[in-house]
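Beneath this line is the structure, given in structure tokens, with notes to follow.
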Amino acid sequence: MANRQRGFFGWTWYVTWRFLVLLTLLLLLLRFVPPPTTSFMLQSQYPLSHQWVNINELPAHIPLAMVASEDQLFPKHFGVDFDAINKAIQQYDDGQGLRGASTITQQTAKNLLLWPGQSFVRKGLEAILALGLEVIWGKKRILEVYVNVAEFGKGIYGVEAASQHYFNKPARHLSSKEAAKLAVLLPSPRNRNPNYLTPYLSQRVVWVERQMRQLGTGYLTPILK
């Protein structure tokens with residue numbers, strides 16, 4: 001019986017560490033090569049629109065809008081906001097459901113390698129992958145991949161495709177307000193359109209613009225250099 005147990009655990013470890021090696025090699029490759037697709041794109045039921053754009057070609061207010069809307073502590077944390085996770089767990093214990101607490105790094109990991117939905121299993125994998133992205137990629141690459149793979153509508157992935165679809169121009173020509181309008185789509189992109197915002201979302205755009213001004217144009221400069 002002991003031999004059988006040792007065999008099982010030995011086999012499990014054999015598979016696990018090889019998987020981790022392959023995952024590390026994949027992340028190292030994607031540190032330099034634009035991801036040709038993502039798990040979310042592969043699972044999409046809609047025709048895909050996606051075009052990669054180098055973050056150095058984007059005006060600074062585009063990544064700033066995403067950070068202002070989704071994760072203002074992005075430059076300061078190491079992939080996981082433990083205070084936000086603890087709050088989400090407390091809300092779950094109070095019967096409010098499992099929600100929120102995902103940093104931009106976690107969202108990038110989820111969009112790239114995981115699946116939609118809310119569960120402790122996926123949240124755990126998301127957090128582990130986020131830590132790996134912080135170590136292997138760094139902040140600039142994480143933000144670059146995020147703005148290129150985030151979903152902004154039905155089958156619309158990345159700010160370049162979103163800009164072309166909604167505003168008929170390349171992302172490098174987006175205004176600060178247009179960037180804020182795209183940012184407010186992210187929590188529920190398939191049900192929102194930046195050209196037809198509800199009163200609540202219009203106020204959310206105003207809030208994002210105010211946050212952008214408070215953070216300042218140089219807020220992301222240290223990680224985008």
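The values are calculated or read from the model by the stated rules, or taken from the named source; none is laboratory data. The shown structure was predicted, so the numbers you read here are calculated from the model rather than taken from an experiment. FYI the Cβ positions are ideal-geometry reconstructions off the backbone, even for glycines, and counts take in every protein chain you see. Heavy atoms of the whole protein, side chains included, go into the accessibility calculation; ligands, DNA and RNA do not. Shrake-Rupley method; radii C 1.70, N 1.55, O 1.52, S 1.80 Å.
So with the 1.4 Å probe, I'd like the accessible area per residue for the chain, rounded to whole Å².
Dividing the accessible area of the chain by its residue count gives 54 Å².
Treat every Asp and Glu Cβ in the chain as -1 and every Lys and Arg Cβ as +1, leave all other atoms uncharged, and give the resulting dipole magnitude about the Cα centre to the nearest 20 debye.
200
Nearest 10 degrees, 0 to 90: what angle lies between the long axis of helix 82-93 and the longest principal axis of the chain (Cα atoms)?
Value to nearest ten degrees: 80.
Between 0 and 90 degrees, rounded to the nearest ten: what's the tilt of helix 120-136 against the longest Cα principal axis of the chain?
Value to nearest ten degrees: 80.
FRET efficiency for Lys154 and Phe120, Cβ-Cβ distance as r, R0 = 30 Å, nearest 0.05?
Efficiency for this residue pair is about 0.60.
Taking all protein chains as present, what is the carbon and sulfur share of the accessible area of the chain, in % to the nearest whole number, probe 1.4 Å?
With neighbouring chains kept in place, the figure for the chain is 59 percent.
Of Thr24, Thr108, Pro189, which is farthest along the charge dipole of the chain in the positive direction, counting Lys and Arg as +1 and Asp and Glu as -1 at C-beta?
The residue sitting most towards the positive pole is Thr24.
If r is the Cβ-Cβ distance from Arg213 to Asn168 and R0 is 25 Å, what FRET efficiency results, to the nearest 0.05?
Efficiency computed from Cβ-Cβ geometry: 0.40.
Give me the one-decimal nm value for the distance between modelled label points at Ser188 and Gln45, 7 Å along each residue's Cα-to-Cβ direction.
Calculated label separation equals 1.8 nm.
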